[in-house]
Each structure stands twice: as C-alpha cells, then as structure tokens.
Amino acid sequence: MKMPVPDSGIIARRREIVEALRAIVPGEGVIVDENELRAYECDGLTAFRQLPMVAVLPSTVEQVSQVLKACKAMGVKVVPRGAGTSLSGGALPLADGVLLGMGKFKRILDIDYANRCVTVQPGVTNLGISNAVAHEGFYYAPDPSSQIACTIGGNIAENSGGVHCLKYGLTTNNVLGLEMVLIDGTIIRLGGKHLDAGGYDLMGIITGSEGLLGVVTEVTVRILKKPATARAVLLGFPSSEQGGDCVAAIIAAGIIPGGMEMMDRPAIHAAEAFVHAGYPLDVEALLIVELDGPAAEVDHLIDRVEAIARDKGACYARVSKSEEERLAFWAGRKAAFPAVGRISPDYYCMDGTIPRKALPLVLQRMQEMSDRCGLRVANVFHAGDGNLHPLILYDANKPGELEAAEEFGNDILRLCVEVGGVLTGEHGVGVEKRDLMTDQFDEADLQQQQRLKCAFDPDGLLNPGKVFPTLHRCAELGRLHVHQGELRFPEIPRF
Amino acid sequence: MTITTLKPETTAQVTDAVRWALSAGEPLEILGIGSRRGLGRPVRAGHALDLSGLSGVIAYEPEELVLTALAGTPMDSIRVLLADRGQHLAFEPPEGGTLGGLVASGLAGPRRISAGSARDHTLGIAGVSGRAEAYKGGGKVVKNVTGYDVPKLMAGSFGTLTALTEITVKVLPAPEDTATLLLFGLDDAAAVAMLDRALRSPYEVSGAAHLPAGTAARSGVADVAGAGGAVTLVRLEGFGPSVAARVTMLREELRADAVLGRDESLALWREVRDGAGLGEGAGGDTHLWKLSVPPSTGPATVETIRRTLDVEVFYDWGGGLVWLTAPPDSAATIRAALSAGGHATLVQAPEAVRAATDVFQPLPDPLMALSRRVKESFDPKGILNPGRMYAGL
C-alpha cells in the first residue's frame, strides 16, 4: 500500500504550520508531541500506521472553518477523524498532513420528538443518540457493531450500516440535515428537520464520501419508535446452499426481517466455543432471523419463516421464547469477530457484497483459495442484503502471512465484483480497498467521481490517498477532449 | 422551440449525440416520454434528446430485491412486472413516465415518511455526462458504499448532470393488506397533532395526511367526501393479521371515527399521492405548490401564508408536506413563511410563469456556488437541460 509521497517542503514548514494552527485553536488543542500523536497513528485498520505531522482538536465550527481555510492557504493536507473506528483506514494520518480530530464536538443540540429527529454534534456516539431518546421509546436505527465507540460524524463519512439495515436503511437513509465546512472554510447547511434537502442531493454524496469532501460539524438524524416486539429464530442447514435458498425464499414471500444473519461452520464453532450461545455444531450454515414489529405481526411471521425453513431443508429450528433467549442467539453472532480472534493469533475482516444467489459459488471458490494459500477462513454474512464478512485467519508473526492474508482478501473482493457485487458493503474503501477500485470501476467512472471531488476540494487537500488509486490534478481532469466542429451530425434516428 | 429530436437506441448513440451537442455548442433537452416536462423551469434548447428508445428491463430478480432497466422503460410496464411478483417501488411514486424520468425528478408519494424517496431506492446508474463520456456509478446490489454515491446525486437532478441510460433500483415486497383510520372534523393544527401521535406510536404508520373540508369533499371515496368536513387519514399496511391488530389498537388510541378497508384505502391514497384533486383547477390563475417543512410547523406555515394569500391546502407526510394552490406571483410570500426551515417548489404553472419564477427554492449563495461547481464537474459547457432547475445552471 503506497501513500502519496510526503512533501518535504511542507514538513520543513512544520513550525510555521503549527503556529498558524495555535493561533486558531489555543492551548492543548494543537498536539505536536510524538507520544501524544501516537493516539492517532492508526484507526481500526491497525495494519497501517503513520504519525501525523500535527493534530488539531477544534471545539467550535468557527475553528474548524479557520483551520481548513488556513490549511488551504498553506497547501497543507488534512485528514479528518472521528473516533477512529474505521476498518478500512479512512482516518490513516499523513506524514505531511494535519490530523483534524472532531472528538470535542460531543454535544446533543436538540431533541425534537414532534418532528421525530435529533440534532447532534458529530462527535456524539452512534449509541449516544439512541440512549438520549430511549426513555421516550425511540432509537436511531443504523447500528454498526462499533456503535458504543463510533461517532455519528464517522457514520456520515462511511455511510455506516449494521445488522438491521436491510429493513431500516444505512446512515444515508436516516439523515435529515448536515452542517459542514468546505476546505476553503465555507460553512454550508443541507436539509434540516424537513424531508428532501432542496437542490442537488449533496447530502447523498457527502454521506459515504470518507472525509474527502468536507468536515461535518452538525448532524440531524431521524429517530424511530422502538418496535413493540422482537423475536428471533435460529435455523440450521446441512449446506450453505440450503441456507441461502431459505433466505431467498423468505424474501420472496414478502418478508423483510429486522435482521437476517448467516454463519458458516468455522464461525459457528468459534462463536459457540467462546460464548456458549447454544448453537448446533452439526450444521454447515446457521441463520438467525429476527422479526420485529407489533406482536401480532411477529407471531404470524415467525410461523411463516419456520415453515419456509422446513421446506428448504432446515435440520434445526429454535424460536426464542424470551428476551433472554433472543439476546443469547445474538450473543454468538455479535461475538463472532473476537471468537475468531481466540482461535487465531490474527484475523483480517473483509466486507464485500454479492448478489445472494452467488453465495454457494462464492463460498466454494473461497474454500479453494483458502486451500491454495493455506489460510483458514470463517464467514459471517448479513444474509438479507448479501453483505459478506469473511474473516481470514493468519499469524502476523509468521513471515509472509500478513501479505498472504491481504492477497487472499483482495482475491475475495475481486470475486465479489466478478459475480456482480461490490468491494465494500459497509466498511468503506479507505486505503484498504483503494487499489481494487479499478476492478469495480472503469477509468471513466473513477474520473467522474474525482471531478466531483474537485467541485468540493480543487486542490485535493482533504484525505488524499484514500478511495482513489490514482490522484489526478483537477485541471487535468477538467480538460475537455472534444473540439469545436470536430463531429458531424450523428447518425441517430431523429424527427 | 425544439428544432430536432434525437432518438438514440443505444448508449453509444447517446454518447454520440452528446458529443455532437458539445462540439456544436448546442444544448439538449433531455426527455423520457416528456410526462414531467411541466415540472421545473422550461429548458431553452434547440434540440431534444429523447431517451424513450432506450427501453426494456435488463434484469429483475425479486429475491435479490433489485431491478435493472434502461432509463426509457415506461414505469407502467415496470409496475406491472413488479406487481406480478408481489413487489413494488416502496416510495410510492406517481404513475406514468419512464424510470429515468422518475429518478431524475426525484419524486415520492405518501410513503415517503416510512420508505424514503426515489434517492433512497436508486442503487446504480449508467449514463452519459455533459462531457460526452459514458460512465457508471453505484452498483447492482442493495448494500454498497464503494466510492461516492453518485446514484443519489442523480435523483432529483432533472437531467442536468447526466443523460441516464440505465438504472438499478431497489424493489420491495408490496404490502399484503392496507387499512386507513379516518378522523373527522379536526382543524389543521389538531389534525397534525393527531398525526404526530400516530407517527410516534409503534404501529408503523405508512401514511399520515390531513384533508381540510374543501379537499375532502372532492374525494372519490364516499366516506371521505361524505364526511361533511375535514378528514384526517392514518394508513397501516403489512401482513393481514398485523394490519388487523394495529388497526384495533391505533383506532382505540386515536379514537378514530371510521376505518377504510383495502380497496377504498388504495383509492384514497392514490388521490393523496396525486395531489387530492388540488391541482386540477390549477393553471392560469392558480398555481400548485409543494412545501416540505418540519412536520410540526406545517399548520403555522399555512396560517402565515393565509394572512396575505387566498390558498387551498392539504397536508401529507404527517404535516411535513403541504400541497397548496395559490394565486400567481405568490413565490415570495410563500417562501417568506418558511422561517422554520424547508423549501417550496412550484409544481404546476404555465410555462411562461415557470420561466420567470424560481420554481425550486433559491439556494443560499455558498450552496449555489457549490451546486454550480457540481454541475460543471459533469457538464462543463451546460449542454444538458440548461436552466431546468435554476436559471443559468
């Protein structure tokens, strides 16, 4: 993984840059000490580490605006950061860049039940929003597994999902309004407490833009009433193909479960050994199907799902009889990553999405790859929406294994694209999948995305080295290659 | 003022047409079958690019919840195809037109409050930019965060960024059953407060509208037209037993006056989706507007407008969408009333009026400047639908 070559001219001006930042953010808000900077050297993708040139922790929108304006004036790169839980290296610092930490933006600004929305600063955690409205029976729907720690600002940057997003949507489907600062210091506001921001859907582009377009300083999200009931059913199958068929049949029957997760044999065994959730160990695929909503609906659908599962060859079925049991079903799935961490010194979590019908083929090809490279793989799968999380087991202390795991992971993601899927369903491209972007997109596709980036950040100062494998200058991207009078009238049916 | 209509049959021909337009400096009006031509500002272009020749469903996989079709595919045929498999576009768009036109105009119906809008269901696109370059964005699976979410930007961009050639949308199971609770005789403020109560309940309300007396009287549904006053509507949808249970509980909670069953419910919400007859008289002397506001502020916004203008209204989206007919030259008054946030769109008025009015809410300067740069990133020479959304863009 190559990051842009640090600009020695910028590094040489470090003292001047630090002074400029200190003039904006006084006191401890500007960090230069190497030991203190260590806290920012990586995010959730810990294989990549880099100390930033300097870190700045503003506490007001005005400071954010001035910091960005100053960086633009000095030609200094900026890497925005929330809680640093990105699994794709979205917040990986640059040796010649300013790390802009949004951790001081922790206030909940407005809870508005009459308009069913909450306005917060970007450093509020995902779970913090739900907790703030829980006493009224509300919650914020997207629930990434890092929700205790991850911030809503980071959720906007990554368009985070969670196990419930087939039914309730990703971040982008739950955001009503944003305030953000552009690299030139301009503060813009999009949307609000009403539906559909006017004009171009810039909120749609900013959500999931991985910190490349601007720095979000305020977020308004919609909140939902908690479902009255939730029950889960645990289903075991003799083959992953049957498990996949069952998922398709549930959806074809018009049922969109609140959650529908699948685990393969290695993942089931690891999870069971870790948390003793009561999972059957003699099945090849385990499904957790959670139905939520009014009690009458949940009861009705549980029966239907059980019938479908029997029809599709389920060899194991258990319906949760209590809230305790439902949570126990989930405990194994939620602990799948650390559980795999117990059976292997290290693991590498992938995140592709595939058309569900391709699951048997993908699992089979993945097994072949696993046999070839000698690394084991365990699979957990957001089955409802086809989002696959293969966990590659390796030992970083064995020479070459990390590289082999990365290569295996890349091959899995290429396979996802080959069968009609995409590189990332919820973790983002970051640095991790940057160089695979050309497997999913043509040059023209990527250039158009980069032109869009130029509309926000013409000097390419915000989070460079992420998402796009090749950096182009905006002037070069903007050049038109069609000349006056070069073409005659085209041969197209006309009237 | 269209001189020539180009009707390409392949993406390659679309690229050729745009390349020609670009080299000749000739703007193009981008059209499907032209059903939403009256929405937005009139485009000043000597040539039209008619995309209705790019028609046909490329892939429809009900179990994957996705459908991919060429942009000019008629929505009516997609609707039938989906209905055959018990599915639909959950955002409840109006009927007619093409898939491309629907996405480009970013429309949604009453279910907007629970299911989102066109933008929430547009997963992938392919098209030709104003640089005459064919490109694609997004993907063909329901969950994807790879690269910028270009499909969302296309939704509601009215053909000003890209001539869309292919679109992938998320499709969902259509509800098995539908029922509507009716409450009679509430004034606007009381009605929106009641809708708020319904929307705060855990009963998954999928439609929340209020028809004041005049609008209710025009309904083709007997129980509504015959109510003799205002009617407030709360819709519940889903599996049969679930709808039945929720109707019982919510009826009790809201003290609803009546319940409509499936067929009448479907008919009534089609009316609400299409403007409840409010736009029918609109034309020369009355113009039709849609206001998107914070739901709780809907009635007060209307009250402010009524101080100066004679308007007729009804509310959807729990009060957050106000349909409103107003006399000509009301734009400034209507927009001045949006102090709590939101925006107003002139959705029906004669062409000359739309040419001279800000049809869409004017944007603050920094946002307009950014929008202009976004437009230029796709269409630097202003070839595609110039002026359709904003003058000079």
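Starting with the fewest neighbours, write out B:TYR60, B:TYR390 ranked by other beta-carbon atoms found within 10 Å of each beta-carbon. List each step's numbers first, then the result.
Working: B:TYR60 17, B:TYR390 21.
Lowest count first: B:TYR60, B:TYR390.
Taking 0.36 nm per residue of sequence separation and subtracting the Cα-Cα distance, how much length would be gained by fully extending the chain between A:ALA295 and A:VAL419, in nm to one decimal? Let's see the in-between values first.
On the way: separation 124, 0.36 × 124 = 44.64 nm, distance 3.87 nm.
40.8 nm is the gain from fully extending A:ALA295 to A:VAL419.
Distance between Cα centroids, the stretch B:117-167 to the stretch B:71-97: provide it in whole Å.
Their Cα centres are 19 Å away from one another.
Between A:MET1 and A:HIS472, take the C-beta separation as r, use R0 = 22 Å, and let me know the FRET efficiency to the nearest 0.05. It would help to have the intermediate numbers written out before the result.
On the way: r = 19 Å, r/R0 = 0.88.
Once the sixth-power term is evaluated, E becomes 0.70.
Provide, for q = 0.09 Å⁻¹, the log10 of I(q)/I(0) from a solvent-free Debye sum over equal Cα point scatterers in chain A.
-0.67
To make sure I understand, if each residue's beta carbon is the centre and we count other beta carbons within 10 Å, what order do A:SER239, B:SER157 fall in, fewest to most? Walk me through the intermediate numbers first.
On the way: A:SER239 15, B:SER157 27.
Ascending Cβ contact count within 10 Å gives the list A:SER239, B:SER157.
Most mobile of B:ARG335, B:ARG235, B:ARG85 per a Gaussian network model of chain B (Cα springs, under 10 Å)?
Its mean-square fluctuation being the largest, the pick is B:ARG85.
Starting from the Cα gyration tensor of chain B, take the square roots of the eigenvalues, sort them a ≥ b ≥ c, and report rounded, prolate or oblate (rounded when a/c is under 1.5, otherwise prolate if a/b is larger than b/c, else oblate).
Values: a/c = 2.12, a/b = 1.40, b/c = 1.51.
Oblate is the answer for chain B, as a/c is 1.5 or above yet b/c matches or exceeds a/b.
Any idea how far apart B:ALA213 and A:LEU480 come out in nm if each label point goes 7 Å out from Cα toward Cβ?
Modelled inter-label distance: 5.9 nm.
Once the Cα atoms of helix B:365-378 and of chain B are each reduced to a long axis, what angle between those two axes, in degrees from 0 to 90 to the nearest 10, is obtained?
The two axes meet at around 50 degrees.
Could you give the alpha-carbon Rg of the stretch A:229-337 over 2.2 N^0.38 Å, rounded to two decimals? Please report the intermediate quantities before stating the final value.
Numbers: Rg = 12.7 Å, N = 109, 2.2 N^0.38 = 13.1 Å.
Against the compact-globule rule of thumb, the ratio is 0.97.
Under a 10 Å cutoff between Cα atoms, tell me which one of B:GLU252, B:GLU376, B:GLU303 has the largest fluctuation in the Gaussian network model of chain B.
With Cα springs under 10 Å in chain B, the top fluctuation among B:GLU252, B:GLU376, B:GLU303 is at B:GLU252.
Using 7 Å Cα-to-Cβ label points, what is the B:ASP84/A:ALA12 separation (nm, one decimal)?
With each label point 7 Å from Cα toward Cβ, the separation is 7.1 nm.
Can you tally the net charge around B:ALA126? Count Lys and Arg as +1, Asp and Glu as -1, for every other residue whose Cβ sits under 13 Å from the Cβ of B:ALA126.
Values: positive: B:LYS136, B:LYS140; negative: A:ASP442, A:ASP445, B:GLU133, B:GLU166.
That sum, taken over residues with Cβ under 13 Å, equals -2.
Other chains' Cβ within 10 Å of A:109-119 residues: what's the mean? Kindly include the intermediate steps, with their values, before the conclusion.
On the way: counts 0, 0, 0, 3, 3, 11, 12, 9, 2, 0, 0.
Whole-number average of other-chain Cβ neighbours for A:109-119 is 4.
Using only Cα atoms, tell me the angle between helix A:359-373 and the longest principal axis of chain A; keep it within 0 to 90° and round to the nearest 10.
Between helix and principal axis, roughly 70 degrees.
Can you tell me the orientation of helix B:240-254 relative to chain B, as the angle in degrees between its alpha-carbon axis and the longest Cα principal axis, to the nearest 10?
Once rounded, one gets 60 degrees.
Explain nothing, just compute: Karplus ³J(HN,Hα) = 6.51 cos²θ - 1.76 cosθ + 1.60, θ = phi - 60°, for every residue of the stretch B:68-80 in order, whole Hz, x for Gly and Pro.
10, 9, 5, 5, x, 5, x, 5, 4, 6, 5, 4, 5
Indicate, rounded to the nearest 5 percent, the antiparallel portion of the DSSP beta bridges found entirely in the stretch B:4-173. Before the final figure, lay out the partial values.
Working: 24 of 31 bridges.
Taking every DSSP beta bridge with both residues in the stretch B:4-173, the antiparallel ones total about 75 percent.
May I ask for the Kirkwood hydrodynamic radius of the stretch A:108-225, worked out over all distinct Cα pairs and given in angstroms to one decimal? Display every interim value, and only then the final one.
Numbers: mean 1/r = 0.0715 Å⁻¹.
14.0 Å is the Kirkwood radius here.
Over all residues in B:149-157, what is the mean tally of Cβ atoms on other chains that come within 10 Å of each residue's Cβ? Spell out each step's value before the answer.
Working: counts 11, 6, 2, 10, 7, 3, 4, 7, 3.
For this peptide, the per-residue mean of nearby foreign Cβ atoms is 6.
Could you give the distance between the Cα centres of the stretch B:185-260 and the stretch A:189-262, to the whole Å?
Result: 28 Å between the Cα centres.
May I ask you to derive the FRET efficiency for B:ASP187 and A:ASN131 from their Cβ-Cβ distance with R0 = 30 Å, giving the value to the nearest 0.05? Please report the intermediate quantities before stating the final value.
Working: r = 37 Å, r/R0 = 1.23.
That gives a FRET efficiency of 0.20.
Taking the radius of gyration and the Kirkwood hydrodynamic radius from Cα positions alone, what is the Rg/Rh ratio for the protein assembly as shown, to two decimal places? Let's see the in-between values first.
On the way: Rg = 26.9 Å, Rh = 28.2 Å.
Answer for the protein assembly as shown: 0.96.
Largest first and in whole Å, what are the equivalent-ellipsoid semi-axes of the stretch B:177-273 based on the Cα gyration tensor, each being the root of 5 times an eigenvalue?
Gyration-tensor ellipsoid for the stretch B:177-273: 20, 15, 10 Å.
Quick check on chain A: helices-only [θ] at 222 nm, where DSSP H runs of length 4 and up contribute -39,500 (n - 2.57) each and the sum goes over total residues. Nearest 500, please. List each step's numbers first, then the result.
On the way: 18 runs with 175 residues, N = 495.
Computed mean residue ellipticity for chain A: -10500 deg cm²/dmol.
Which of B:LEU291, B:LEU182, B:LEU65 ends up with the largest GNM mean-square fluctuation for chain B, with Cα atoms connected below 10 Å?
Most flexible of the set in this elastic network: B:LEU65.
Would you please give the FRET efficiency between A:ARG304 and A:ASP110, computed as 1/(1 + (r/R0)^6) with r the Cβ-Cβ distance and R0 = 60 Å, to the nearest 0.05? Mind dumping the intermediate values first?
Numbers: r = 41 Å, r/R0 = 0.68.
Efficiency, rounded to the nearest 0.05: 0.90.
Quick one: Karplus J couplings for the stretch A:343-354, per residue in order, coefficients 6.51, -1.76, 1.60, θ = phi - 60°, nearest Hz, x for Gly and Pro?
9, 8, x, 9, 9, 10, 9, 9, 7, x, 10, 10
In whole Å, how far is the Cα centre of the stretch A:132-172 from that of the stretch B:9-45?
Between the Cα centre of the stretch A:132-172 and that of the stretch B:9-45, the gap is 40 Å.
Expressed as a fraction of 2.2 N^0.38 Å, the rule-of-thumb size for a compact globular protein of N residues, what is the C-alpha radius of gyration of the stretch A:344-434? Can you show the working numbers first?
Working: Rg = 12.4 Å, N = 91, 2.2 N^0.38 = 12.2 Å.
Ratio of Cα Rg to 2.2 N^0.38 Å: 1.01.
All of the numbers you see were taken from the coordinates with simple rules; none came from a lab. Predicted model, so just to flag it, every value in this text is computed and none were measured. Reconstructed Cβ throughout: ideal geometry from the backbone, glycine too, with neighbour counts over all protein chains shown.
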